[in-house]
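The values are calculated or read from the model by the stated rules, or taken from the named source; none is laboratory data. What you see is a predicted model, and the numbers here were worked out from it, not measured in a lab. Ideal geometry is used to build each Cβ from the backbone, glycine not excepted, and the neighbour counts take in all protein chains shown. Ligands, DNA and RNA are excluded from the accessible area calculation, which covers all protein heavy atoms including side chains. Shrake-Rupley method; radii C 1.70, N 1.55, O 1.52, S 1.80 Å.
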Amino acid sequence: MSEEQVLAGNRPPRILAIAGSDSSGGAGIQADIKTIMMLGGYAMTAITTVTAQNSVGVQAIAPMGGAIVREQIASCINDIGVDAIKIGMLHDVEIINAVAEGLELIDSKVPVVLDPVMVATSGATLIAQDAIAAMRAALFPRATLITPNLPELAHLLERSLTDSSQMAGAAEELGDDTGAAILAKGGHTGDARVIDILYVPDTRAVQFEHARIDTQHTHGTGCTLSSAIATLLGHGQPLVNAVRLGRNFVRHAIENAPGYGFGNGPLGHQAVRALSDPEED
């Protein structure tokens, strides 16, 4: 499928990103906006947390109050409207409950892509421990797609996961438990290739894979992927297509990373010009 087919039409889909701010621009709301815009969407935001963050770590975290998070969501939905929602960093229970209340304002058919952000690429913890249970209870049932990486999936199921076979079983278990589709991301496995598994309850799993890219510049890959999928769903793409094209967007952005920072640098969102399926390598 070509980029022209994906982006056809003059009215951009309205995408609301609910997530934290990354001061260095590599992840969080900043990565969401870049991705949404590059994929032809209209970006709106509800900022949940402000971080002082860069390629080498997270220096400070200041969560927003639940009331202002809820009002940001309501302001967007009640005026502009929304065609898809991406949810990222949700620091604590108060914020999670506020987001759940905000989601009550939208039609149940609006797709919601939930990236259960728990740990930054640098290793910094981004969510309070008691918030994980709250997120699972309040938000997982509303999600269209949940996009955990391997450590997040292991944490959610309270077990050790090391390879794609274990990851596939865990994705199926989480999907059947929540009723949401699960995109289990395999970048942290020991497999020779990157293998991601999309499990949709009551259907077969779909596997995506590609060769690993030798780079340290992967800051914001999860944020970028979830925003890309949400935007593509907002364009009306079926879920499997949205995941396939979203993965390609991230892959191109990694390959075109500008090389900024001393650690895990940001992606090259601005360099992605095509979404057509690449040949497998």
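Assorted remarks:
- Region 69-136 has equivalent-ellipsoid semi-axes of 24, 12, 11 Å, by the square roots of 5 times the alpha carbon gyration tensor eigenvalues, sorted largest first.
- Of all DSSP bridge pairs formed entirely within region 133-281, close to 70 percent run antiparallel.
- The residue list Pro13, Ile85, Ala27 was ranked by how far each Cα lies along the charge dipole of the chain toward its positive end, using unit charges on Cβ atoms, and Pro13 comes out on top.
- Within the chain, helix-based [θ] at 222 nm, where runs of 4 or more DSSP H residues each add -39,500 (n - 2.57), nearest 500: -11500 deg cm²/dmol
- Portion, in percent, of the accessible area of the chain that falls on carbon or sulfur, probe 1.4 Å: 50 percent
- Taking one quarter of the surface of the convex hull spanned by the alpha-carbon atoms of region 109-175 gives a direction-averaged projected area of 5.0 nm².
- Between Ile80, Ile229, Ile182, the GNM of the chain built on Cα springs shorter than 10 angstrom shows Ile80 fluctuating the most.
- Shown here are the Rg and Dmax of the Cα trace of region 159-214, at 11.3, 36 Å.
- At 1.306 mPa s and 10 °C, Stokes D of the chain from Kirkwood alpha-carbon radius, µm² per second: 86 µm²/s
- Overall form of region 25-81 per C-alpha gyration tensor (a/c, 1.5; a/b vs b/c): oblate
- For the chain, built as a Gaussian network whose Cα springs stay under 10 Å, the top-fluctuating residue of Ile36, Ile197, Ile61: Ile61
- Annotation for Asp176 and Asn256: the two label points, set 7 Å from Cα along the Cα-Cβ direction, are 4.2 nm apart.
- Of all DSSP beta bridges in region 14-72, antiparallel share, percent nearest 5: 45 percent
- Once you reduce region 5-54 and region 153-206 to the center of their Cα atoms, the two points are 25 Å from each other.
- Net charge dipole size for the chain [Lys, Arg +1 and Asp, Glu -1 on Cβ; Debye, nearest 20]: 460 debye
- Shown is the FRET efficiency for Asp191 and Ala67, computed with R0 = 41 Å from the Cβ-Cβ distance and rounded to the nearest 0.05: 0.40.
- Within region 100-214, the percentage of alpha carbon pairs spaced more than 26 angstrom apart rounds to 19%.
- Where the chain is the region considered: accessible area per residue in Å², 1.4 Å probe: 42 Å²
- Region 210-281: chymotrypsin sites (Phe, Trp or Tyr not before Pro) in DSSP coil with no more than 11 other Cβ atoms inside 10 Å: Phe262
- Val119-Ser23 pseudo-label distance in nm [points 7 Å out on the Cα-to-Cβ vector]: 2.4 nm
- For trypsin sites (Lys or Arg not before Pro), the sites in region 105-182 that DSSP calls loop and that have at most 12 other Cβ atoms within 10 Å are Lys109, Arg159.
- Ignoring the sites themselves, the chain has its longest run without GluC sites (Glu not before Pro) in a DSSP loop having at most 16 other Cβ atoms within 10 Å at 159-278.
- Its alpha carbons considered, region 129-274 gives a radius of gyration followed by a Dmax of 15.2, 45 Å.
- DSSP assigns beta bridges within the chain; of those with both partners inside it, close to 45 percent run antiparallel.
- Counting only whole DSSP H helices of the chain, the ones at least 18 Å long by C-alpha along their axis and with mean Kyte-Doolittle hydropathy no lower than 0.5 are 221-234.
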